[in-house]
Amino acid sequence: MTFACHVDDVPLGEGRVVTLGGHRIAVFRAAGGWYALDAACPHMGGPLADGIVCDRAVICPLHDRRYDLSTGQPLGAGDPVLAHGVQVRGDGVFVEVAALVRVAA
Amino acid sequence: MPSIAAPPPGCTRPFTRRPFITWKHPQHREEIPTRDDRRMSDSVVIVGGGIAGQAVCEALRDRDPDIEITIVCGETSPPYDRVRLSEILVSGEDPQTLQLRPGEWYADNDVELLLGRWVLAADPVAGRLTLDGGDELAFDALVLATGSQPLMPPIAGIDLPGVHPFRGPEDCEAIRSAAVGGAKHAAVIGGGLLGLEAARGIAAQGCAVTVIHLLDRLMERQLDAGAAALLAPALAGLDIAIQFERNTQWIIGPEHATGLRFQGGDELAADLVVVSVGIRPELKLAREMGVECERGIVVDDAMRTSIPGVWAVGECAQHRGLVYGLVAPIHDQARVAATTLTGDDAAYLGSVPSAKLKVAGIDLVCAGDFAGEYEAVVTDAAAGIYRKLATRHGRVVGTILLGNTRGSEALVAAVRSGEPIDDPLQALADASLAGPADLPDTAQICDCNGVCKGALVAAVTVGGCSTPREVMAVTRAGTGCGSCRPAVIEIVGVATGGLSDEPTYLCPCRKQTREQLAGRIRDDGFQSVSDVAAACGTGRQCGVCKPALAYLVSEVNANRHHEERDARFINDRVHANIQKDGTFSVVPRMYGGVCTPDELRRIADVADKYEVPLVKVTGGQRLDLLGVRKQDLPEIWRDLGMPSGHAYAKAVRTVKTCVGTDFCRFGLGDAIGLGIEMEKLWEGLHTPHKVKSGVSGCPRNCAEATVKDIGCVAVEGGWQVRAGGAAGGNVREADILATVDTRAEALRVATTFLQYYRENADYKERTYDFIPRVGLEHVKEIVLGEQSGAALRERLRIAKAAVKDPWLERDDPYHPRQFSDLDTPDIDPPGPGGEPALVGPPAGGER
Ligand code: SRM
Ligand SMILES: Cc1cc2nc3c(=O)[nH]c(=O)nc-3n(C[C@H](O)[C@H](O)[C@H](O)COP(=O)(O)OP(=O)(O)OC[C@H]3O[C@@H](n4cnc5c(N)ncnc54)[C@H](O)[C@@H]3O)c2cc1C
Ligand code: SF4
Ligand code: FES
């Protein structure tokens, strides 16, 4: 679990990019929870953090591919994007970078 | 033979992916083996490369991949769509765009094309013909498609400079350049279809024009007195004057046409004269060969002439005593000729003539014989509407639809098939409610290319086309005179399950339309997207509709809503256009494309200071700074000190202007002045889709105002206000909303339309789709209506009053991190917090 940001660093319903251990990760503050995905869209590297967020998905701003926020699975066409675990402690938002876990293992 | 989608019975033209394979009429299927083994001719020469020559060529190639085909054509341009010359006369487009097939098509389909060569003589017995210059050509079969010549009455002065027929591209060019290049007054001799279209083309160039007609009513061949009486005022509304019962005795010279002299001694000054009194079938070659000719080349039902081995098709042919001056019959004749020529049986039984007047601003469709033994007429003189159905022996024989052509496809189809009918009045009423969607599959939609509804539907259901443009490309419907395009679009829409039959949903997940949601927002006073989401469940599942909701909420609340940026596309969160690499572009506003040296200096300085990778002049008459980093945006805006150009938003974009009266020697109106006034009045207003405008100081239209969402063009004595133009993914000439006397009125009409569009268009529906959907007449009614118009302008004023320049958010961002990510060092981890509370992702990710 790595500290990513404070709760109010991310406007409600939006995402922001943070670099953790060399990984660019998009942290989302959706209506009902926090999510984290790799920042770059697998399609052409679009900035997912700039996408429109809804209850369970984010829409890439470049070509409208949609990804499930919790699993990173594409809703429709395309490859999945890596999803990371998120925890909120107090006003701190912590991310468990999946890739890091794998490296460690 | 590749597989093709069989269209429904009765359909005259197939849907096919490969345009040169046609489906054969079911009734003929037995007689017509798919692979033709009874062919008599190995080589065919087609004389004439007009629509007829091309149609025969394509029909032949459809039936037989091997037969040698040569087209010899006196005209130097490859086969083109003569019908659309009327359009070109208005728009000034390059006649090149009229080509029926791209150059490579002829090679691909191994068709020999001899352009600019005339056939002087032909000997069918020896199977040889002689070209100008003496070369010879061998043939087994000869098809005469020599068309016709414009009729030039033998009156004095007919050959003076300044006098033109209206038949070919060269005439079109000559007429247009005269009208544009300072002709003072034009006269069109002949008030038929063609004459009126010529007059419209001239008037559109801002040149005064008078139509001279021999009889006491226009288009006497297609219209009865009642309809004609309503047509005249409609034309007057388009600045086309008309003089009836005028018999032109001679054209006054001496060096150049200066006027017309009529029987009785009256005269009319005219330095541009267009003669459009009829056509004369081109029979020289046929006569020379000894082929039987009367008014045209006499052909039988097989399209054979009096000499074996010689066929005739098109405007040069006379079938059962009739010579057609129309395209629709040509395609039927060509199919029959190709069939009989390749040794099968087929019969052409004649066509029911039908016509559409291709004059923007006037809807007129007529078919068959308007004089029946019983005639049902519905007319509203004030509205310029006249709808008539003529019957004989209980069958439909003719129709005239003026001012309101709703249901024309159905009625024309009824005329064609001589449909039995007991209550014509009821039929008229039903038709006015029916859209193309209600038509039988056999109803012909595109007359130019003989495409029926079934073929369009097949293109979607079998051929897998998904857009009107694809369907048009495949079936060629709508590629002729274009007057059927709206019908094609509606039919394809229904076939693809998109348009008309099922409403377009703003929120596809919850199947709610813009109207429904706007209603809820109004009634329940919702202030924000989340209000709507909570109440209606929209915007939660897929999120696609969030920007649409954001616009709707802001529009209904006249910009006094509660803004939630998460509902906006990234462009509208940071007020810049996102680029492929995640950077942004910055386009400051330059009202009417005018800017000061100081503004230019500041733009240059910004470009240096922030190392902007590219500075570019946009297509919208302003400057674009591309490749800017998100976090630099606020500083750049501050340094620029210019307002946002909204180049990133669904909002009022640019108002392009030309120099107009300020400097231009042709200027009739203050284009820059009006343009800047418009842009300032509309600036910052968001719209269902982007709105781009233009203002030209004269009909030369340097600001391209006629292909803008909203455009104004200065004309002699006033302004023409247009809307619904496009010159992007597709090109559409803007409809004329009104021609007004003053600049103030022009601004008022344009502004009223803008608000009407803001309130009524679907999200992401450009004006060029909006107007055809709701109908120009309806739009005019509301926009030009006294009360309705005033109400619209008042609502626009209120909405505008709440507009703020978004770039001012540089000083009060809606969130400290509106423009920045989290990598900035000012974040340090909190001290040891309480128990970790797992917030997301929640189990199953659903709630
Ligand atoms: C900057 C500019 C090109 C240029 O360098 O000149 C431009 C750039 C873009 N145009 Fe355009 N259009 C630009 C003038 C035009 C024009 C000409 C005009 O406005 O006079 C047209 C034809 C008129 C029209 O709008 O139809 C035009 C027709 C389009 C279209 C097709 C619209 C249509 O319905 O056919 C799109 C795509 C869309 O809107 O869905 C588009 C979309 C775009 C976008 C915004 C694509 C996008 O969503 O990112 C491009 C942004 C590039 C970038 O990275 O910033 N742009 N675009 C022009 C900006 C004008 C301005 O000052 O605001
Ligand atoms: C401005 C305008 C608008 C129109 N609008 C409509 C409309 O809206 N709807 C409609 O149905 N119809 C319309 N028409 C009529 C329609 O265009 C014609 O009916 C059609 O184009 C006739 O085609 P065609 O091939 O028979 O004759 P043409 O187009 O005249 O082709 C004949 C060709 O044969 C060539 N030729 C002649 N003799 C020889 C020879 N000896 N050797 C070599 N070549 C020769 C000629 O050079 C010419 O190229 C319009 C016509 C005009 C001019
Ligand atoms: S449109 Fe404007 S610039 Fe072009 S010619 Fe007319 S007045 Fe001059
Ligand atoms: S880059 Fe994300 S959809 Fe294309």
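The values are calculated or read from the model by the stated rules, or taken from the named source; none is laboratory data. Note that the structure is a prediction, hence the values are computed from the model and not measured. Here the Cβ positions follow ideal geometry from the backbone for every residue, glycine too, while neighbour counts run over all protein chains shown. Surface accessibility is based on the protein's heavy atoms, side chains included, excluding ligands, DNA and RNA. Shrake-Rupley method; radii C 1.70, N 1.55, O 1.52, S 1.80 Å.
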Test: residue in segment B:48-57 that is more than 16 Å from ligand 3 (Cβ to nearest atom), surrounded by 22 or more Cβ atoms within 10 Å (Cβ to Cβ), at positive phi and modelled with pLDDT of 95 or more: yes
Pick from segment B:784-808, criterion closer than 20 Å to B:K680 by Cα and charged (D, E, K, R), ranking: nearest to the chain's Cα centre (by Cα): B:R793
In segment A:67-81, the residues that are open to solvent by 40 Å² or more (accessible area, probe 1.4 Å) and either facing another protein chain (nearest Cβ under 7 Å) or within 16 Å of A:R16 (Cα to Cα) (or both): A:T71
Identity of the residue in segment A:53-66, away from ligand 4 (no atom under 12 Å from the Cβ) and outside any loop (DSSP other than H, G, I, E, B), that ends up nearest to A:D8 (Cα to Cα): A:V53
Which numbered condition A:R56 misses (of (1) within 21 Å of B:N571 (Cα to Cα); (2) facing chain B (nearest Cβ under 8 Å); (3) modelled with pLDDT under 90): (1)
The listed residue being in contact with a Pro (Cβ under 6 Å, 6 or more places away or on another chain) and at pLDDT below 95, out of A:G76, A:G90, A:G85, A:G45: A:G90
Complete set of residues in segment B:253-270 that are closer than 19 Å to B:I175 by Cα and open to solvent by 40 Å² or more (accessible area, probe 1.4 Å): B:E255, B:H256, B:T258, B:A269
Any strands (runs of 3 or more DSSP E) falling wholly within segment B:91-179 and containing at least 3 residues that are in contact with a Phe, Trp or Tyr (Cβ under 8 Å, 6 or more places away or on another chain), open to solvent by less than 40 Å² (accessible area, probe 1.4 Å) and more than 16 Å from ligand 4 (Cβ to nearest atom): B:141-144
Test result for B:A746, without any contact (Cβ under 8 Å) to a residue 40 or more places away in the chain and hydrophobic (A, V, I, L, M, F, W, C): no
Flag for B:T391 being within 14 Å of B:A225 (Cα to Cα) and either open to solvent by 50 Å² or more (accessible area, probe 1.4 Å) or in a strand (DSSP E or B) (or both): no
Residue in segment B:653-671 that is of a type in the set (K, R) and either at positive phi or assigned to a strand (DSSP E or B) (or both) present: yes
Filter result (touching a Lys or Arg at 6+ places or on another chain (Cβ under 8 Å), buried (at least 21 other Cβ atoms within 10 Å of the Cβ) and not in a loop (DSSP other than H, G, I, E, B)) within segment B:208-227: B:I212, B:A227
Any hit, segment B:635-657, residues being at pLDDT 95 or above, small (G, A, S) and surrounded by fewer than 20 Cβ atoms within 10 Å (Cβ to Cβ): yes
Complete set of residues in segment B:180-198 that are within 16 Å of ligand 3 (Cβ to nearest atom) and either in contact (Cβ under 8 Å) with a residue 60 or more places away in the chain or open to solvent by less than 20 Å² (accessible area, probe 1.4 Å) (or both): B:V180, B:A183
Residues satisfying the stated conditions in segment B:415-442, i.e. farther than 15 Å from B:T399 by Cα and open to solvent by less than 40 Å² (accessible area, probe 1.4 Å): B:A434, B:G435, B:P436, B:A437, B:L439
Filter pass, B:E704 being more than 16 Å from ligand 2 (Cβ to nearest atom) and at positive phi: yes
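Output yes when any residue across segment B:547-559 is of a type in the set (D, E, K, R) and either in contact (Cβ under 8 Å) with a residue 60 or more places away in the chain or out of contact with any helix residue (DSSP H, G or I) (no Cβ under 6 Å at 6 or more places or on another chain) (or both), and no when none is.
Yes.
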Residues (open to solvent by less than 50 Å² (accessible area, probe 1.4 Å) and charged (D, E, K, R)) located in segment B:584-607: B:R589, B:E599
Neighbours by Cβ (under 7 Å, 6+ apart or cross-chain): first from segment B:717-731, closer than 20 Å to B:G697 by Cα and away from ligand 3 (no atom under 16 Å from the Cβ); second part of a strand (DSSP E or B) and among the β-branched types (V, I, T): B:A723/B:I710
Close pairs (9 angstrom Cβ cut-off, 6 or more residues apart or separate chains): within 23 Å of B:V277 (Cβ to Cβ) in segment B:140-151, among the basic types (K, R) and assigned to a strand (DSSP E or B) anywhere: B:S148/B:R280; B:Q149/B:R280; B:P150/B:R280; B:L151/B:R280
Close pairs from segment B:397-410: first touching a residue at least 24 places away in the same chain (Cβ under 8 Å) and over 15 Å from B:P486 (Cα atoms), partner among the β-branched types (V, I, T) and not in a strand (DSSP E or B), Cβ under 9 Å, at least 6 apart: B:V397/B:V352; B:V397/B:V415; B:G398/B:V352; B:G398/B:V415; B:T399/B:V412; B:T399/B:V415; B:L401/B:V412
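Select from segment A:1-46 the residues that are in a strand (DSSP E or B) and among the charged types (D, E, K, R) and write down the one among them that is farthest from the other protein chains (Cβ to nearest Cβ).
Applying the filter and picking the extreme gives A:D38.
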Residues within segment B:656-699 that are of a type in the set (F, W, Y) and more than 16 Å from ligand 1 (Cβ to nearest atom), tallied: 2
Qualifying residue in segment A:28-35 (condition: surrounded by 23 or more Cβ atoms within 10 Å (Cβ to Cβ) and in contact with a Cys (Cβ under 6 Å, 6 or more places away or on another chain)): no
Every residue from segment B:608-619 that is touching a residue at least 12 places away in the same chain (Cβ under 8 Å) and either buried (at least 20 other Cβ atoms within 10 Å of the Cβ) or over 28 Å from B:Y763 (Cα atoms) (or both): B:K609, B:Y610, B:V612, B:P613, B:L614, B:V615
